[in-house]
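Below: one structure, written as structure tokens.
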Amino acid sequence: MIKDKIKLLKADITTLRVDAIVNAANTSLLGGGGVDGAIHRAAGPELLDECRTLRGCSTGQAKITRGYRLPAKHVIHTVGPVWHGGRQGEPALLASCYTSSLKLAKENDVKTIAFPAISCGVYGYPVSQAAMIAVKETVTFLEKNPELDSVSFVCFDDDVYEAYQHALDTFTKDEVSK
């Protein structure tokens, strides 16, 4: 069942032993605050050196690097949209962050992946809406790509965890009756 492949965690994403962690990056890919800064610090300066060769990343897209000093083998960098009220294509761009990251994971034989709450920090995306998009895109992808073993959503506090739990319950409630 799809629900069995999705995990909700309250943890430090930089400590997870998974094939890939997803970085909520900025368009330069050269580090920043929040999750982005924490990943760059934990991975070491080699990550920044590799990111410089990637020449940035567009909003909604994803690029992959090695994990360096992280327990994760890879970092998938994706650029989430800044929230402007939802009328500037933010939902489609956020959905693309998840699908682009998951496609890149599949192309690189990643079996276990962990996502932060993309765009929910300084980018201001409403957590409940972001969680619904994240879970919907992930469930849809897993239905078509069963070779992924697990997708974790790493939540930074109780409110984010509860939003993701609600989204997961919403998108997997019919699965029991299948």
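The values are calculated or read from the model by the stated rules, or taken from the named source; none is laboratory data. The model shown is predicted, which means the values in this text are computed figures rather than measured ones. Note that we place each Cβ from the backbone using ideal geometry, even for glycine, and neighbour counts take in every protein chain shown. For the accessible areas, the whole protein counts, side chains as well, though only heavy atoms, and no ligand, DNA or RNA atoms are used. Shrake-Rupley method; radii C 1.70, N 1.55, O 1.52, S 1.80 Å.
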Of the candidates Leu9, Leu16, the one satisfying the condition of being surrounded by fewer than 16 Cβ atoms within 10 Å (Cβ to Cβ) and either closer than 23 Å to Leu168 by Cβ or under 14 Å from the mean Cα position of the chain (by Cα) (or both) is Leu9
Glu46 passes all but one of the listed conditions (1) in a helix (DSSP H, G or I); (2) of a type outside the set (Ser, Thr, Tyr); (3) under 28 Å from Pro126 (Cβ atoms); the exception is number (3)
Of the residues in region 66-97, those that are more than 12 Å from Ser28 (Cα to Cα), open to solvent by less than 30 Å² (accessible area, probe 1.4 Å) and of a type in the set (A, V, I, L, M, F, W, C) come to Leu70, Ala72, Val75, Ile76, Leu94, Ala95, Cys97
Test: residue in region 31-38 that is at pLDDT 95 or above, aliphatic (A, V, I, L, M) and within 22 Å of Glu107 (Cα to Cα): no
* Asked: Condition test on Lys136, is it within 21 Å of Leu8 (Cα to Cα) and loosely packed, with under 15 Cβ neighbours inside 10 Å?
  -> no
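Rundown of residues vs (1) of a type outside the set (S, T, N, Q); (2) touching a residue at least 24 places away in the same chain (Cβ under 8 Å), yes/no style:
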| position | (1), (2) |
| --- | --- |
| Cys97 | yes, yes |
| Val122 | yes, yes |
| Ile133 | yes, yes |
| Lys144 | yes, no |
| Ser150 | no, yes |
| Cys155 | yes, yes |
Restricted to region 19-39 and to residues being in contact (Cβ under 8 Å) with a residue 12 or more places away in the chain and out of contact with any strand residue (DSSP E or B) (no Cβ under 6 Å at 6 or more places or on another chain), the residue most open to solvent (accessible area, probe 1.4 Å) is Leu30
Exercise. Scanning for something surrounded by fewer than 24 Cβ atoms within 10 Å (Cβ to Cβ), within 23 Å of Asn26 (Cα to Cα), without any contact (Cβ under 8 Å) to a residue 24 or more places away in the chain and of a type in the set (D, E, K, R), does region 105-113 turn up at least one residue?
Worked result: yes
Counting only residues that are among the hydrophobic types (A, V, I, L, M, F, W, C) and open to solvent by 40 Å² or more (accessible area, probe 1.4 Å), region 40-50 contains a total of 1
From the option list Val122, Val176, single residue qualifying as modelled with pLDDT under 95, open to solvent by 60 Å² or more (accessible area, probe 1.4 Å) and within 24 Å of Gly33 (Cα to Cα) is Val122
* Do we find a residue being in a helix (DSSP H, G or I), of a type outside the set (Asp, Glu) and either open to solvent by less than 70 Å² (accessible area, probe 1.4 Å) or in contact (Cβ under 8 Å) with a residue 40 or more places away in the chain (or both) anywhere in region 51-65? -> yes
